[in-house]
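Novice: Take a look at this one; I'll ask things after.
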Amino acid sequence: MITIHINGELQQLADNQTLAELLVCKQVAPQSVAVVVNQAIIPRSEWSQYQCQADDQIEFFSAVAGG
Amino acid sequence: MKTSLNDHQYILYSKQMLLTDVSEQGQLALMNAEVIVVGVGGLGQLVAQYLAASGVGQIHLIDDDKVTLSNLPRQLLFSANDIDVNKAHVAAGKLQQRNRDSKILAHSVRLAPENYLQLFNAISPQVIFDCSDNFATRQLINRIAVEQHLPLFSAAISADQGQWFAYLPESVLTNLSATNIKPHGCYHCVFPADSLLSQNCSQMGVLGPAVGIMASMQALAGMNHIIGRQVEFGVLHRFDAKRLSWSKATMPIDKHCCVCR
Ligand SMILES: [Zn+2]
């Protein structure tokens with residue numbers, strides 16, 4: 001198990017879990033968010049390759065489009 | 001092209017030129033600049049005011065919307081007398097009256113895939129400001145920035161969440177010698193076109209100063225770029241208007257992006 005931070009909260013995670021799997025487990029619709037890991041956006045096309053590391057700071061957020 | 005200022009302009013723009021890295025050269029860069037502002041709502045009406053007042057030479061305002069009563073608490077350029085009149089026309093009229101050094105042009109159209117080429121064949125802006133109010137237009141403006149080789153200064157806000165970024169297409173980047181700007185992702189790299197928004201923004205509330213903060217950031221970043229100051233491109237800044245806090249994240253290239261790759 002590893003510990004990561006998701007939107008500021010601690011979360012235990014199995015080893016070798018990808019961002020894509022993490023989103024499924026958090027019940028977040030993939031098309032509804034951008035994902036930031038340690039202050040860098042990870043493009044959606046790379047979520048299934050990115051394996052979460054211990055102490056990763058992960059954030060999900062949606063686009064806003066108003067003006 | 002302007003190469004010098006008259007006495008009136010020296011006094012008018014003195015506070016800008018007192019910044020040592022702006023000086024007369026930076027002021028002339030502003031006065032020789034042609035820019036396009038897409039959307040003249042909460043963001044665009046303030047961006048346009050700052051740009052015009054700073055002496056930017058040519059400002060194209062694009063909007064097909066009309067002023068409504070519920071716009072007035074945050075769109076301070078407009079008043080009750082302007083209700084039901086096209087926003088681009090109202091804004092251009094008022095700004096032209098106040099700012100003689102700028103040429104303000106109103107285009108009362110909704111920017112769309114079918115009409116943007118016609119518009120961009122007729123004008124030659126060096127910078128584009130995305131002040132639009134919907135996701136589809138934001139995707140289109142991003143595509144235009146890539147295709148037309150335009151630096152993009154984009155801001156958005158819904159409820160208490162603001163986002164802004166500056167994007168420099170790689171085609172522009174490779175033409176800039178001696179730059180330390182690295183290639184970075186476009187808007188579509190971050191939010192692909194099939195992204196779902198959590199809220200429909202036209203139904204979301206917002207406070208005037210929160211919109212003003214986002215508009216000020218994009219106007220300032222755009223002016224800094226025109227003046228020749230270093231701008232941090234490829235970073236998405238997020239603002240929480242309740243906590244008044246900022247966070248930022250770099251925007252790497254999506255190798256599979258269908259817009260910028
Ligand atoms: Zn892209």
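The values are calculated or read from the model by the stated rules, or taken from the named source; none is laboratory data. Given the structure is predicted, the values throughout are model-derived calculations rather than measurements. We place every Cβ from the backbone using ideal geometry, glycine too, and count neighbours over all the protein chains shown. Accessible surface areas use protein heavy atoms only, side chains included; no ligands, DNA or RNA. Shrake-Rupley method; radii C 1.70, N 1.55, O 1.52, S 1.80 Å.
Novice: Accessible area per residue of chain B at 1.4 Å probe, in Å²?
Specialist: Ligands and nucleic acids excluded, the result is 47 Å² per residue.
Novice: List every residue whose amide H lies under 5 Å from the amide H of B:ASN32, counting only residues 5 or more places away in sequence or on a different chain, with H placed 1.01 Å from N in the peptide plane.
Specialist: Sorted by chain and number, the residues that satisfy this are B:GLY57.
Novice: Right, something else. Once you place label points 7 Å from the Cα toward the Cβ at A:GLN57 and B:ILE11, how far apart are they in nm?
Specialist: Modelled inter-label distance: 5.0 nm.
Novice: Assuming R0 = 51 Å, can you tell me the calculated FRET efficiency for the pair B:LEU18 and A:MET1, based on Cβ-Cβ distance, to the nearest 0.05? Before the final figure, lay out each step's value.
Specialist: Values: r = 59 Å, r/R0 = 1.15.
The pair B:LEU18/A:MET1 has a calculated efficiency of 0.30.
Novice: If I compute solvent accessible area with a 1.4 Å probe over the protein chains, what percent of it on the protein assembly as shown is carbon and sulfur?
Specialist: Carbon and sulfur atoms account for 52 percent of the accessible area of the protein assembly as shown.
Novice: Using a Förster distance of 35 angstrom, determine the FRET efficiency expected from the C-beta separation of B:LEU76 and B:GLU147, and round it to 0.05. Show your work: numbers first, answer last.
Specialist: On the way: r = 34 Å, r/R0 = 0.96.
Rounded to the nearest 0.05, the efficiency is 0.55.
Novice: Here is a follow-up. List, in the order given, every pair from B:LYS15/B:LYS242; A:LYS26/B:LYS255; B:LYS103/B:LYS248; B:LYS66/B:LYS94; B:LYS182/B:LYS255 whose Cα-Cα distance in the structure shown is over 24 Å.
Specialist: Beyond 24 Å: B:LYS15/B:LYS242; A:LYS26/B:LYS255; B:LYS103/B:LYS248.
Novice: Let me have the 222 nm mean residue ellipticity of chain B computed from DSSP H runs of 4+ only, each contributing -39500 (n - 2.57), with the sum over all residues rounded to the nearest 500.
Specialist: For chain B, the value works out to -10500 deg cm²/dmol.
Novice: Tell me, what HN-Hα J-couplings in whole Hz come from the Karplus equation 6.51 cos²θ - 1.76 cosθ + 1.60 at θ = phi - 60° for each residue of segment B:114-119, using x for Gly and Pro?
Specialist: Coupling constants for segment B:114-119: 7, 10, 6, 5, 4, 5 Hz.
Novice: Please report the projected area of chain A's Cα convex hull averaged over all directions, in nm².
Specialist: Convex hull of Cα atoms, orientation-averaged projection: 4.7 nm².
Novice: Taking 0.36 nm per residue of separation and subtracting the Cα-Cα distance, what length does fully extending B:ASN180 through B:ARG243 add?
Specialist: 19.3 nm
Novice: Provide the per-residue ³J(HN,Hα) series for segment B:248-261, in order, calculated from phi with Karplus coefficients 6.51, -1.76, 1.60 and θ = phi - 60°, each as a whole number of Hz, with x at glycine and proline positions.
Specialist: Using θ = phi - 60°, the values come out as 9, 8, 6, 10, x, 6, 8, 4, 9, 4, 7, 9, 9, 9 Hz.
Novice: Springs between alpha-carbon pairs under 10 angstrom, Gaussian network model over chain B: which of B:ALA156, B:ALA249, B:ALA53 fluctuates most?
Specialist: So, out of B:ALA156, B:ALA249, B:ALA53, the one fluctuating most is B:ALA249.
Novice: Rounded to whole Hz and in sequence order, give me ³J(HN,Hα) for segment A:55-67 from the Karplus expression 6.51 cos²θ - 1.76 cosθ + 1.60, θ = phi - 60°, writing x for Gly and Pro.
Specialist: For segment A:55-67, the Karplus curve yields 6, 4, 9, 10, 10, 10, 7, 9, 6, 10, 10, x, x Hz.
Novice: Once label points are set 7 Å from the Cα along Cα→Cβ at both B:LYS2 and B:ARG261, what is their separation, rounded to one decimal in nm?
Specialist: Label at B:LYS2, label at B:ARG261, 4.4 nm between them.
Novice: Cβ neighbours within 10 Å, averaged per peptide: list B:68-81, A:28-41, B:31-44, B:119-132 in order, most packed at the top.
Specialist: So the order, starting with the most tightly packed, is B:31-44, B:119-132, A:28-41, B:68-81.
Novice: Could you tell me whether segment B:1-113 comes out rounded, prolate or oblate from its Cα gyration tensor? Rule is a ≥ b ≥ c as square roots of the eigenvalues, rounded for a/c under 1.5, then prolate if a/b exceeds b/c, otherwise oblate.
Specialist: It is prolate, given that a/c is not under 1.5 and a/b is the larger ratio.
Novice: For B:CYS186, which sequence-distant residues (separation of 5 or more, or a different chain) have an amide H within less than 5 Å of its own amide H, given hydrogens modelled in the peptide plane?
Specialist: Correct list: B:ASP254.
Novice: Between B:GLN218, B:GLN203, B:GLN163, find the one with the highest GNM mean-square fluctuation for chain B; connect C-alpha pairs within less than 10 Å.
Specialist: B:GLN203
Novice: Would you be so kind as to identify which of B:ILE141, A:GLN12, A:ALA40 lies farthest towards the positive end of the dipole of the protein assembly as shown, taking Lys and Arg as +1 and Asp and Glu as -1 on Cβ and the Cα centre as origin?
Specialist: Checking the options against the dipole of the protein assembly as shown, the answer is B:ILE141.
Novice: Could you compute the FRET efficiency for A:ALA14 and B:GLN97, with r as their C-beta to C-beta distance and R0 at 51 Å, rounded to 0.05?
Specialist: 0.20
Novice: About its Cα centre, what dipole magnitude does chain B give when the only charges are +1 on Lys and Arg Cβ and -1 on Asp and Glu Cβ, stated in debye to the nearest 20?
Specialist: With Lys and Arg at +1 and Asp and Glu at -1, about 320 debye.
Novice: In 5 Å bins starting at 0, how do the alpha-carbon pair distances of segment B:132-258 split up by percent?
Specialist: Distribution as computed: 2, 10, 19, 24, 21, 13, 7, 2, 1, 0 percent.
Novice: At a probe of 1.4 Å, how much accessible area disappears from chains B and A on forming the pair, both sides counted, to the nearest 100 Å²? Provide the component values of the computation, followed by the final result.
Specialist: On the way: alone 13160 and 4470 Å², together 15410 Å².
The buried area between B and A, both sides summed, comes to about 2200 Å².
Novice: With a point put 7 Å past each Cα toward its Cβ, work out how far B:ALA136 is from B:LEU69 in nm, to one decimal.
Specialist: Here the modelled spin labels are 2.8 nm apart.
Novice: Report the convex hull volume per residue for the protein assembly as shown, counting only C-alpha atoms, in Å³.
Specialist: Convex hull of Cα atoms, per residue: 142 Å³.
Novice: For segment B:33-250, count the residues as N, evaluate 2.2 N^0.38 Å, and divide the Cα radius of gyration by that value, please.
Specialist: 0.96
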